[in-house]
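Beneath this line is the structure, given in structure tokens, with notes to follow.
Values quoted throughout were computed directly from the atomic coordinates according to the rules given, and no laboratory measurement underlies them. Please read these numbers as outputs of a predicted model, since none were measured by experiment. Heads up, the Cβs are rebuilt from the backbone with ideal geometry, glycines too, and the neighbour counts pull from every protein chain shown.
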């Protein structure tokens, strides 16, 4: 007997909420992400300099070339060789908007759970064993939460250690999602 996508609304909502709570615990209670970020030696000087330059919120790459031909110029290559090189993300003043971030995070959790439910609804039947439901929905959710994180260290010099921790978090979120789907199948 087929399982309709609409009949999976409860595991979708419960798994999204369970991942939200799990994420809170992973980031706010457990200590494994404490070493993911470092400060700069003269934080006040750097912040003052960025303010003086009028840097607006956004993503910045330095050194930056606007045209491909500029990449091979001796001036650009010297800047690149002399360093520092990097990525800079500037957020709006006043700190994070936690309400907006939590709402967006919840929507993302729902999207991952919807995707897991969608794939499960047309690949599994109502009689499918719970462990099979768990396997499929866990894998789909894991790929949603962690599948593309490796691009950060590969292309943007993000730390492998923090990326691996985030991928392990994604594995836990996938397992939580799979467990909820298995329980409510």
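So the values come out like this:
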quantity: Three semi-axes of the equivalent ellipsoid, the chain, Cα gyration tensor, whole Å, largest first; calculated: 42, 19, 15
quantity: Full-stretch length increase - residue 139, residue 97 - with 0.36 nm per residue and alpha-carbon distance subtracted; calculated: 12.0 nm
quantity: Computed [θ] at 222 nm, helices only, for the chain once each DSSP H run of length n ≥ 4 contributes -39500 (n - 2.57); calculated: -19500 deg cm²/dmol
quantity: Residues 163, 177, 85, sorted so that the one with the fewest Cβ neighbours within 10 Å comes first; calculated: 85, 163, 177
quantity: Shape metrics for region 104-185, restricted to C-alpha atoms - Rg then Dmax, Å; calculated: 14.0, 46
quantity: Between 0 and 90°, nearest 10: helix 130-146 axis offset from the chain longest Cα axis; calculated: 10 degrees
quantity: Spatial separation of Cα centroids for region 111-157 and region 24-48, in angstrom; calculated: 30 Å
quantity: Nearest 10 degrees, 0 to 90: helix 98-123 Cα axis against the chain principal axis; calculated: 50 degrees
quantity: Segment residue 21-residue 106, length gained on full extension (0.36 nm per residue, minus Cα span); calculated: 29.6 nm
quantity: Cα gyration tensor shape for region 1-89, rounded if a/c is under 1.5, else prolate or oblate; calculated: prolate
quantity: Rounded to 10°, Cα long-axis angle of helix 43-52 versus longest principal axis of the chain; calculated: 80 degrees
quantity: Residue order, fewest to most beta carbons within 10 Å, for 42, 169; calculated: 42, 169
quantity: Taking all pairs of distinct alpha-carbon atoms in region 43-90, Kirkwood radius in angstrom; calculated: 12.2 Å
